[in-house]
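Enquirer: Could you have a look at this structure, given as structure tokens, before my questions?
The values are calculated or read from the model by the stated rules, or taken from the named source; none is laboratory data. It should be emphasised that the depicted structure is a prediction, and the values quoted were computed from it without experimental measurement. Cβ placement follows ideal geometry from the backbone for every residue including glycine, while neighbour counts extend to all protein chains displayed.
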Amino acid sequence: MIPVAFIETTRLILRGLRPEDSTEDYLGWLNDPQILRYRGPKAFPSSLEGLKTYLESLDSRSDLMLAICLKDSGRHIGNIALNSILWIHRSAELSMMIGAKDLWGKRFGKEAIYGVCQHGFYNMGLYRIWAESPNPAFNGAVRSLGWKHEGTKRQAFLLDGELVDIDCYGLLKTEFADCPGIQA
């Protein structure tokens, strides 16, 4: 069944996360060391009950939390969010996880980022969206979308037993108009 879109891109449907998304596939993402390699919460295993509790609590949060689904099949392949929304400053932090490893490298993350930025700037009234990550693939995606490097948190992330830098990027609404967009 194809889900109802909250945000639609060329190949994706972004829809609200819901309790029924607490599946074995999603739980597998949260316990897969390869998927969690560049994510903060990786020191403790996740449980299906914990995932259900988290998804049930989303309505009480002020974050925009979306499931990334393939338009043609409805398959849930990851999540994207605008977190830490500061309405008075019109800014939010973008975070994302593509859990379907068979789809890594196919620019679905870049497409989802573009769609969420467009929504954030034009429908939510945001002026600045920022992100920070040690993940070279994520950082490459935001750079290719015109995001500006704003700084580096030195040796701030434990990766394979070694402390590495986290790169910080941001995009302003005025810069989004010049964004190169998406090419599938």
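Enquirer: Tell me which residues, restricted to the stretch 144-171, are at pLDDT 95 or above and of a type outside the set (A, V, I, L, M, F, W, C).
Expert: Selection gives K148, H149, E150, G151, T152, K153, R154, Q155, D165, D167, Y169, G170.
Enquirer: For the structure I just gave you, tell me whether A81 is in contact with an Asp or Glu (Cβ under 9 Å, 6 or more places away or on another chain), closer than 16 Å to H119 by Cβ and either at pLDDT below 95 or among the hydrophobic types (A, V, I, L, M, F, W, C) (or both).
Expert: Spelling it out, A81 is indeed in contact with an Asp or Glu (Cβ under 9 Å, 6 or more places away or on another chain), closer than 16 Å to H119 by Cβ and either at pLDDT below 95 or among the hydrophobic types (A, V, I, L, M, F, W, C) (or both).
Enquirer: On to the next question. Only one residue in L126, L159, L103, L163 is among the hydrophobic types (A, V, I, L, M, F, W, C) and surrounded by 17 or more Cβ atoms within 10 Å (Cβ to Cβ). Which one?
Expert: Exactly one of L126, L159, L103, L163 is among the hydrophobic types (A, V, I, L, M, F, W, C) and surrounded by 17 or more Cβ atoms within 10 Å (Cβ to Cβ), namely L126.
Enquirer: Over 16 Å from N135 (Cβ atoms) and free of Cβ contacts under 8 Å to residues at least 40 places away in the same chain: which single residue out of E56, E93 fits that description?
Expert: From the options E56, E93, the qualifying one is E56.
Enquirer: Could you identify the single residue in G125, G140, G170 that is within 18 Å of L86 (Cβ to Cβ) and under 16 Å from the mean Cα position of the chain (by Cα)?
Expert: Just one listed residue meets the conditions, G170.
Enquirer: Quick check: anything in the stretch 69-89 touching a residue at least 24 places away in the same chain (Cβ under 8 Å), surrounded by fewer than 22 Cβ atoms within 10 Å (Cβ to Cβ), basic (K, R) and in contact with a Cys (Cβ under 8 Å, 6 or more places away or on another chain)?
Expert: Within the stretch 69-89 (the criterion being touching a residue at least 24 places away in the same chain (Cβ under 8 Å), surrounded by fewer than 22 Cβ atoms within 10 Å (Cβ to Cβ), basic (K, R) and in contact with a Cys (Cβ under 8 Å, 6 or more places away or on another chain)), the answer is yes, since at least one residue qualifies.
Enquirer: Whether any residue in the stretch 148-155 is under 22 Å from N79 (Cα atoms) and not hydroxyl-bearing (S, T, Y) is what I want to check.
Expert: No - not one qualifying residue is present in the stretch 148-155.
Enquirer: Another one. Quick one: which of L36, L86 is aliphatic (A, V, I, L, M) and at pLDDT below 90?
Expert: Just one listed residue meets the conditions, L36.
Enquirer: Checking L64 against (1) crowded, with 19+ Cβ neighbours inside 10 Å; (2) modelled with pLDDT of 95 or more; (3) not β-branched (V, I, T), which single condition isn't satisfied?
Expert: The failed condition is (2).
Enquirer: Quick one: count up the residues across the stretch 129-142 that are surrounded by 22 or more Cβ atoms within 10 Å (Cβ to Cβ), small (G, A, S) and under 11 Å from D167 (Cα atoms).
Expert: Matching residues across the stretch 129-142 total 1.
Enquirer: Got a sec? Which strands (runs of 3 or more DSSP E) wholly within the stretch 113-175 have at least 3 residues that are closer than 13 Å to A92 by Cβ?
Expert: Here the list reads 128-133, 162-172.
Enquirer: In the stretch 143-156, what residues are under 19 Å from L86 (Cβ atoms) and surrounded by 18 or more Cβ atoms within 10 Å (Cβ to Cβ)?
Expert: Scanning the stretch 143-156 gives a single hit, W147.
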